[in-house]
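Colleague: What follows is a structure written as structure tokens; I'll ask about it next.
The values are calculated or read from the model by the stated rules, or taken from the named source; none is laboratory data. Predicted model only: the values in this text are computed from it and were never measured. Methodologically, a virtual Cβ is constructed for each residue, glycine included, from the backbone with ideal geometry; neighbour enumeration extends over all protein chains shown. Quick note on the areas: whole protein, heavy atoms, side chains included, nothing else; ligands and nucleic acids left out. Shrake-Rupley method; radii C 1.70, N 1.55, O 1.52, S 1.80 Å.
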Amino acid sequence: MHKVVFVTGNEGKFAEVRDILKPFGIEVIQDKNGYPELQEDELEPIAAYGAQYAANKLKMPAMVDDSGIFIKALNGFPGPYSRFVEDKLGNSKVLKLMEGETDRTAYFKTVIGYCEPGKEPLVFPGVVEGKIAYEERGTGGFGYDPIFEYQGVTFGELGDAEKNKVSHRRRAIDSFLEWFKDKLENPESKN
Ligand code: IMP
């Protein structure tokens, strides 16, 4: 069994990642102590720095996950500031910012950062494209789920099981897994 520490305070995310990686012989252990979050316009450097910090501190392979929603009409806002905006403004005020905007294009993105002690960090992005709804719909999920429409249905309406099949987070984990499986098969060639 390969052990990886997942640094997150979010139990839901931890359970999802643990369950996906277990059949591949990866045991995921939760660490709730957090990591310093750089102030950057992109998620990649935040995730890379967090994973490297955690791997060197914990002396174990470490993984972090940084996500956000990027709205085209708002030039990508709130992006890496999604948690702050969710806490301070909430979905109703984000919808207000979108009043009069006909281009509702948006995407959710997760970047998984992974690092082994003393090595360089790697990043694995996952994106799901959709649209900002005109009003909140659905009671499932969390955060921006009720205002994010994927193929006409909001993530709040879709339910966790269906969302987790197509979500940005799922796609980022799948991308990490592809790399990890390759590394197991060719141990000398990667990282
Ligand atoms: P985190 O980096 O995954 O904690 O995400 C930062 C913020 O983005 C969260 O506080 C949420 O507001 C938002 N967010 C991330 N992923 C999702 C999602 O799957 N659904 C809805 N909101 C999300």
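Colleague: Using a 1.4 Å probe, what is the accessible area per residue for the chain, in Å²? Don't jump to the answer; show the numbers that get you there.
Modeller: Details: 9650 Å² over 191 residues.
Spelled out: the 1.4 Å probe surface of the chain, per residue, equals 51 Å².
Colleague: Can you compute the modelled spin-label distance between GLU178 and GLU27, with each label point 7 Å from Cα toward Cβ, in nm?
Modeller: For GLU178 paired with GLU27, the spin-label model returns 2.9 nm.
Colleague: Ranked highest first by average number of other Cβ atoms within 10 Å, how do 57-69, 19-31, 159-171 line up?
Modeller: Details: 57-69: 22.2, 19-31: 14.8, 159-171: 16.8.
So the peptides 57-69, 19-31, 159-171, ranked by packing, come out 57-69, 159-171, 19-31.
Colleague: Cα convex hull of the chain: how many Å³ per residue? Don't jump to the answer; show the numbers that get you there.
Modeller: Values: hull volume 22.0 nm³, N = 191.
Enclosed volume per residue, from the Cα hull, is 115 Å³.
Colleague: Per q in 0.12, 0.15, 0.18 1/Å, what log10 I(q)/I(0) does a Debye calculation on the alpha-carbon atoms of the range 126-191 return?
Modeller: The Cα Debye sum returns log10 ratios of -0.40, -0.53, -0.64.
Colleague: Hey, got the Cα dimensions of the range 1-63 along the principal axes, in Å, largest first?
Modeller: Principal-axis extents of the Cα atoms in the range 1-63, largest first: 35, 24, 19 Å.
Colleague: Separate question: Counting only protein heavy atoms, what percent of the accessible surface of the range 2-185 is carbon or sulfur at a 1.4 Å probe? Show your work: numbers first, answer last.
Modeller: Working: 4520 of 8980 Å².
Accessible surface attributable to carbon and sulfur in the range 2-185 totals 50 percent.
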